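Novice: Sending over a structure as structure tokens; questions will come in a sec.
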């Protein structure tokens with residue numbers, strides 16, 4: 001039974017919710033103040049109603065003044081995140097707690113408001129610094145922080161711990177959108193020239209990256225059983241990733257749609273055959289020290305190559321030869337932009353990139369699609385722009401048009417007087 005106490009102009013409602021393991025009683029409280037104009041008799045009647053409603057919420061577990069955010073977030077990690085998130089996503093969420101716990105960890109779930117979360121997110125965008133480099137945080141980092149807080153509250157709602165998610169109206173302020181740095185066809189041609197005399201392993205890696213647009217983790221996760229030399233097809237079935245403290249590990253693809261197959265030109269497959277022969281010779285040379293992983297890209301002893309190596313290698317090559325370095329992902333952007341500029345339909349582009357939805361492709365490459373659309377618009381305008389053509393003289397009965405058609409068809413000299 002709820003206990004009601006009047007304190008000045010307000011009422012305090014207390015509900016006993018049982019006892020903790022140490023014997024301490026769990027009591028939930030709320031305050032209610034009658035609106036102006038309400039008579040004392042009306043207030044007494046309304047407070048009884050509020051007490052019944054509050055007690056019902058307590059019994060359903062929707063009022064949890066004694067559960068702090070950090071305590072429940074740790075339950076979320078154990079009960080939900082470990083089971084449902086990929087290792088990389090789980091690690092990112094763990095890193096995010098370094099900022100979220102100091103801000104909200106000590107607060108009770110039902111006391112955290114959307115306004116407080118909005119201020120926290122705004123501060124991240126405006127004043128947040130990378131803990132290692134000291135550089136300003138990206139907007140994407142703020143999005144990750146809001147996602148973590150919202151995921152914890154969503155789980156609390158599903159578990160009937162709270163009645164609503166305070167993040168539902170919180171937004172991440174828009175920052176300055178940086179233009180994607182994409183290699184030009186001339187720069188890619190120059191890259192091909194530079195890698196011609198480089199180790200075969202890196203020639204294969206960057207040739208596949210340029211011809212396929214595969215993500216780095218997808219390339220690093222390729223195994224020889226994924227290569228179909230008969231039909232010149234390569235299958236993406238897994239990813240290879242690296243996390244500090246965990247090391248290199250194999251994981252599923254980013255999305256189910258990321259599992260895909262692509263056909264390659266014969267010269268690319270011939271290069272792969274040469275690389276397979278080279279790797280087999282290296283395995284024989286290493287003997288019992290060779291670690292069989294079936295991976296394409298390995299260390300000298302057969303273990304999976306460190307994910308950061310292609311990035312470091314390309315950066316060094318570009319700096320040495322005066323070629324702009326835009327990172328590995330820019331090669332994927334080049335691949336996508338090339339398909340779009342070649343008027344490949346959006347569904348095919350999306351499928352080639354392994355996106356889970358076409359909307360993801362159109363959102364990321366909106367500018368490229370707009371450019372392609374503009375070129376198509378100009379082309380059709382040139383075809384249909386009759387204003388640029390001379391207007392023929394009036395020909396009510398169409399006689400002159402018929403004569404012109406005859407001339408065109410037979411090449412005869414037909415005069416208008418015949």
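FYI, it's all coordinate maths here, none of it is from the lab. Predicted model only: the values in this text are computed from it and were never measured. All Cβ positions, glycine included, derive from the backbone under ideal geometry; neighbour counts span all protein chains shown.
Novice: Report the residue, chosen from 309, 93, 269, that carries the largest GNM mean-square fluctuation when the chain is represented by alpha-carbon nodes joined by springs under 10 Å.
Specialist: Highest fluctuation among the options: 309.
Novice: Further question on the same structure: Can you bin segment 3-59 into rounded, prolate or oblate? Criterion: square roots of the alpha carbon gyration tensor eigenvalues sorted a ≥ b ≥ c, rounded for a/c under 1.5, prolate for a/b above b/c, oblate for the rest.
Specialist: Verdict is prolate for segment 3-59.
Novice: Then there's this: Neighbour counts of other C-beta atoms within 10 Å: give me 83, 172, 344 arranged from fewest to most.
Specialist: Fewest-to-most Cβ neighbours within 10 Å comes out as 83, 344, 172.
Novice: Also, I was wondering about something else. Hey, fewest Cβ within 10 Å first, where do 356, 240 land in order?
Specialist: The fewest-first ordering by Cβ neighbours comes to 356, 240.
Novice: Angle check, please: helix 40-59 long axis (alpha carbons) against the longest principal axis of the chain (alpha carbons), in degrees 0 to 90, nearest 10.
Specialist: So the inclination is approximately 60 degrees.
Novice: Tell me whether the chain comes out rounded, prolate or oblate; compute the Cα gyration tensor, take square roots of the eigenvalues as a ≥ b ≥ c, and use a/c under 1.5 as the rounded threshold.
Specialist: oblate
Novice: OK, next. Below 8 Å between Cα atoms, with a sequence gap of 6+, how large is the relative contact order for segment 69-169 in percent?
Specialist: Here the relative contact order equals 30 percent.
Novice: If I build a Gaussian network model for the chain, linking alpha-carbon pairs within less than 10 angstrom, which residue out of 339, 366, 222 has the largest mean-square fluctuation?
Specialist: Fluctuation is largest for 366.
Novice: Sequence gap at least 6, Cα distance under 8 Å: using those rules, report the relative contact order of segment 185-322 to the nearest whole percent.
Specialist: Once normalised by length, the contact order is 23 percent.
Novice: Which of rounded, prolate or oblate describes segment 285-361 when judged by the alpha-carbon gyration tensor and an a/c cut-off of 1.5?
Specialist: Oblate, since a/c reaches 1.5 and b/c is not below a/b.
Novice: Test of understanding: ordering 150, 337 by Cβ neighbours within 10 Å, fewest first, what list do you get?
Specialist: Ordered by Cβ neighbours within 10 Å, fewest first: 150, 337.
Novice: Normalising by the residue count of the chain, find the relative contact order in percent from Cα pairs under 8 Å and 6+ residues apart.
Specialist: Dividing the mean separation by the residue count of the chain yields 10 percent.
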